Amino acid sequence: MKTDCIRAMRLWWWLPLLMLMATIACGIALTHYGPAGFDEPLLLWFRVSGDIGQLAGPQWAAAFWIGLTWLGDTAPRIVIASLTILGLLILRRWHSALFMAGILLSGIALSTTLKFWVGRPRPQLVTHLDHINSLSYPSGHALNSTLFYLTVALMLSPLLSRRAARWTLYAVATILSLATGVSRIALGIHYPTDVIAGWVISVAWVWLWFAVAMHYWPKALPQSSSNP
């Protein structure tokens, strides 16, 4: 028996395609016509009034946001995903392990491709407080952290017997994804619309994979335990 979340993905399989197309179109429009009305005010909200190089808040604010942005870095994502895939292999869930690897690797490729396709430059309104060497839309940290943490939650939650444990796993994945995205805005290296796009694209991409698997690769989806 599949989880309610996965069932919903099957019923609304066409929606992620619309989400992807709309988000890409928005990125192209933002690149050509300038940032959205709320982009610059939100960037400035995280800075001291009159000093675009100084983060608002206590002295440890910079360390706090850099710590949160680390959650979306490659190393922690790879470690968590590798441990999850290893666990699936130990449980002899070969299809699920391959399915998960496919989602994550294709998502990384999608993120890189969209950055070059859209071609939006980084915001220059405030001082960048992290090292960057790529284009801005969508936020790779927001996209990939959501992609990884959401996929891990969806693959592991059906294996948990207690509903509270499943919802806790979903909550942790959501908090990690949101915190990573907000940190990119606070550090001044992404417009808010870059981060929102990363969230939307990652959810749509995972949704699309699960919807396709429900029809063509059901063995890849983990079976849920009983619900006490």
Residues within the range 88-102 that are without any contact (Cβ under 8 Å) to a residue 24 or more places away in the chain, assigned to a helix (DSSP H, G or I) and of a type outside the set (Phe, Trp, Tyr), tallied
4
Got at least one residue in the range 54-66 being in a helix (DSSP H, G or I), open to solvent by 40 Å² or more (accessible area, probe 1.4 Å) and without any contact (Cβ under 8 Å) to a residue 40 or more places away in the chain?
yes
For the range 103-124, state whether one or more residues are of a type in the set (S, T, N, Q) and in a loop (DSSP other than H, G, I, E, B).
yes
When both residues are 6+ apart or on different chains and their Cβ atoms are under 8 Å apart, which pairs have a first residue that lies in the range 203-224 and is closer than 17 Å to Leu104 by Cα, and a second that is among the aliphatic types (A, V, I, L, M) and outside any helix (DSSP H, G or I)?
Phe210/Leu221; Ala213/Leu221
Residue set Ala153, Ala211; condition modelled with pLDDT under 90, in a helix (DSSP H, G or I) and under 25 Å from Leu89 (Cα atoms); output residue Ala211
Qualifying residue in the range 72-83 (condition: within 25 Å of Gln124 (Cβ to Cβ), open to solvent by 50 Å² or more (accessible area, probe 1.4 Å) and either in a helix (DSSP H, G or I) or without any contact (Cβ under 8 Å) to a residue 60 or more places away in the chain (or both)):
no
When you scan the range 168-183, do you find a residue that is in a loop (DSSP other than H, G, I, E, B) and either of a type outside the set (S, T, N, Q) or surrounded by fewer than 19 Cβ atoms within 10 Å (Cβ to Cβ) (or both), even just one?
no
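The values are calculated or read from the model by the stated rules, or taken from the named source; none is laboratory data. Since the structure is predicted, the reported quantities are computational estimates derived from the model, not experimental observations. Glycine gets a Cβ as well: all are built from the backbone with ideal geometry, and neighbour counts include every protein chain shown. Calculation scope for accessible area: heavy atoms of the full protein, side chains included, ligands and nucleic acids excluded. Shrake-Rupley method; radii C 1.70, N 1.55, O 1.52, S 1.80 Å.
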